[in-house]
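Note sheet for the following structure.
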Amino acid sequence: MTDHPHTPKTARVQSPARRASNAKSDIVAAAGFSEFPLDRVHRLIEPGPVIMVSTSRGGRPNLMTNGFNMSVVHDPPILALVVGPWDYSYDALRETRECVIAIPSIDLATRVVDVGNVSGRDVDKWKRFGFTPLPAITVAPPLVGECFANIECRVADDRLVADYNLWLLEATRVWLAESKRGLGEFHHRGDGTFSANGETIDMKRRMTKWQALVED
Ligand SMILES: Cc1cc2nc3c(=O)[nH]c(=O)nc-3n(C[C@H](O)[C@H](O)[C@H](O)COP(=O)(O)O)c2cc1C
């Protein structure tokens, strides 16, 4: 039987590859999955906690909010951050090659999100949002007094910046104030919603291959 002349070509002719792909999609759909938009995949792979990056350029300190970050190497302690050229902090990082990563607890969330919605090009965010600078030892940018952890960092490798805005940083000094940890860090779900830490599940005994990691 021939197709009606108005039938779209794609509906009439299906390549073997397309037929195989459709058959696979059917199997996956039958298992309860539907396709998720590629440009939203970051909402599923939740990276590190929401942090603030403290920089200082020409003696002028600044803060930005960052959600795309992760640990990369244990020893030496290398961390990775995405900081793009749309941020004033990018120029500071490029020029000075140092920063402080400050980790806020969830009770600072509204101020921290506000920090990520204005630029240091236009405002002094330290003053506007009421954060307290404390001196760092190994770098010029200040620690953030209100955050429960502050990590002094130097740029260790910028080879991935041109392609991915990905900065590899080596931690040079770390400060922890348990008394400021409160309910702990919080996480960006990639769509303007945030999650708090849930219940802690202790599986240290199952980490048989990784005992060095679970020791205090
Ligand atoms: C929750 C949140 C997460 C963000 N994560 C990132 C990030 O991972 N990388 C980035 O370059 N900008 C990120 N931003 C945007 C910057 O914080 C924003 O562009 C900020 O205004 C930059 O400040 P600056 O121009 O003073 O450097 C984030 C903003 C928010 C609110």
**Message:** As an exercise: evaluate Gly120 against (1) within 12 Å of the ligand (Cβ to nearest atom); (2) within 18 Å of the chain's Cα centre (by Cα); (3) of a type in the set (Gly, Ala, Ser) and give the number of the one condition it does not meet.
**Reply:** (2)
**Item:** Residues of segment 127-148 that turn out to be under 22 Å from the mean Cα position of the chain (by Cα) and over 13 Å from Val53 (Cβ atoms), as a count
**Value:** 4
**Message:** Scan segment 107-119 and tell me whether some residue there is over 24 Å from Lys180 (Cβ atoms), in contact (Cβ under 8 Å) with a residue 12 or more places away in the chain, buried (at least 18 other Cβ atoms within 10 Å of the Cβ) and of a type outside the set (Val, Ile, Thr).
**Reply:** no
**Fill in**
Exactly one of Arg111, Arg159, Arg128 is modelled with pLDDT of 95 or more and away from the ligand (no atom under 15 Å from the Cβ), and that one is Arg159
**Prompt:** Can you tell me which residues in segment 52-86 are surrounded by 15 or more Cβ atoms within 10 Å (Cβ to Cβ), within 11 Å of the ligand (Cβ to nearest atom) and more than 16 Å from Trp126 (Cβ to Cβ)?
**Reply:** Asn66, Gly67, Phe68, Asn69, Ala80, Leu81, Val82, Val83
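The values are calculated or read from the model by the stated rules, or taken from the named source; none is laboratory data. Predicted, not measured: the structure shown is a model, and the values here were computed from it. Here the Cβ is made from the backbone with ideal geometry for all residues, glycine too, and neighbour counts use every protein chain on show.
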